[in-house]
1. Looking only at region 1-24, which residues are open to solvent by 50 Å² or more (accessible area, probe 1.4 Å), at pLDDT 90 or above and out of contact with any helix residue (DSSP H, G or I) (no Cβ under 6 Å at 6 or more places or on another chain)?
2. Considering only region 32-80, how many residues are closer than 19 Å to Phe134 by Cβ and either open to solvent by 20 Å² or more (accessible area, probe 1.4 Å) or not hydrophobic (A, V, I, L, M, F, W, C) (or both)?
3. Could you tell me which numbered condition Tyr106 fails, if it satisfies all but one of (1) touching a Phe, Trp or Tyr at 6+ places or on another chain (Cβ under 7 Å); (2) farther than 27 Å from Arg197 by Cβ?
4. Quick one: His61 ticks every box in (1) over 18 Å from the mean Cα position of the chain (by Cα); (2) modelled with pLDDT under 95 except a single one, so which number is it?
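The values are calculated or read from the model by the stated rules, or taken from the named source; none is laboratory data. Because the structure is a prediction, the values reported are computed rather than measured. Cβ coordinates were reconstructed from backbone atoms using ideal geometry, including for glycine residues, and neighbour counts include every protein chain displayed. Areas reflect the complete protein model, heavy atoms only, side chains present, ligands, DNA and RNA absent. Shrake-Rupley method; radii C 1.70, N 1.55, O 1.52, S 1.80 Å.
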Amino acid sequence: MMKDNNSPVTKSRAQRLSKAERRQQLLDTALLIVREENADRLTLGHLAARAGVSKPVVYDHFATRSELLIELYRWIDTERVRTFTEAMTTSGRSLEDTVQVLASAYIQCAADKTDEFHSVGAALAGSEEKAAVFQELLDNCVAMFVAVLTPHVNMSPPSLQRCCIGLVGAGEALSVALTRGRLKPTEAVAAFASLIRGVALAG
């Protein structure tokens, strides 16, 4: 039997969520919609229905669909970077293993056009907000590179920061060449690994 979203039990549960918890619930539900149905189905009204809340609750967190997409885009990438950073900084990998995994993960992520991040990004195509948040996400990648490479290099934090900015820029360029068919995945990964290795050994 289907649950009645307007029942006293459902309402009491909804009321127990803090504003931050409600926002996270909505983002979790939005991600499920993108994963199960497609980003085109992600509207504020549909999100409210899937989350079992009223539309005003959703509008209290996201004024427009574009704002929802931007926040989801940011959250997916932040979580992905955080998870990867934690895995890489606690695994005790050698420098060579770190270089190979870092290069492969970055290039494969850029090449995978079927995941939720790219689906949401495609829904935001042409958005001015996307351009702004994309720079923020590149900064997150730089921070991730710094955290992963710090145990393997002997250079000052400012120097490593500058080098990682260059590495992320190179990774983006290689990713674009890959998606345009100018490089094979193995070639892009090998080239990026060579660049990362060069920075690490130079430090």
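1. Taking region 1-24 as the starting set, the residues that turn out to be open to solvent by 50 Å² or more (accessible area, probe 1.4 Å) are 1-6, 8-9, 11, 13, 15-21, 23-24.
From the residues that got through so far, the ones that are at pLDDT 90 or above too are 18-21, 23-24.
Those that are open to solvent by 50 Å² or more (accessible area, probe 1.4 Å), at pLDDT 90 or above and out of contact with any helix residue (DSSP H, G or I) (no Cβ under 6 Å at 6 or more places or on another chain): Ser18, Lys19, Ala20, Glu21, Gln24.
2. Looking only at that region, the number is 13.
3. (2) is the only condition that Tyr106 fails.
4. Only one criterion is unmet by His61, namely (2).
The rows are residues; the columns are (1) touching a Gly at 6+ places or on another chain (Cβ under 7 Å); (2) polar (S, T, N, Q); (3) under 20 Å from Thr83 (Cα atoms); (4) modelled with pLDDT of 85 or more.
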residue: Glu116; (1), (2), (3), (4): no, no, yes, yes
residue: Val120; (1), (2), (3), (4): no, no, yes, yes
residue: Ala125; (1), (2), (3), (4): no, no, no, no
residue: Glu128; (1), (2), (3), (4): no, no, no, no
residue: Cys141; (1), (2), (3), (4): no, no, yes, yes
residue: Val146; (1), (2), (3), (4): no, no, yes, yes
residue: Pro151; (1), (2), (3), (4): no, no, yes, yes
residue: Asn154; (1), (2), (3), (4): yes, yes, no, yes
residue: Arg162; (1), (2), (3), (4): no, no, no, yes
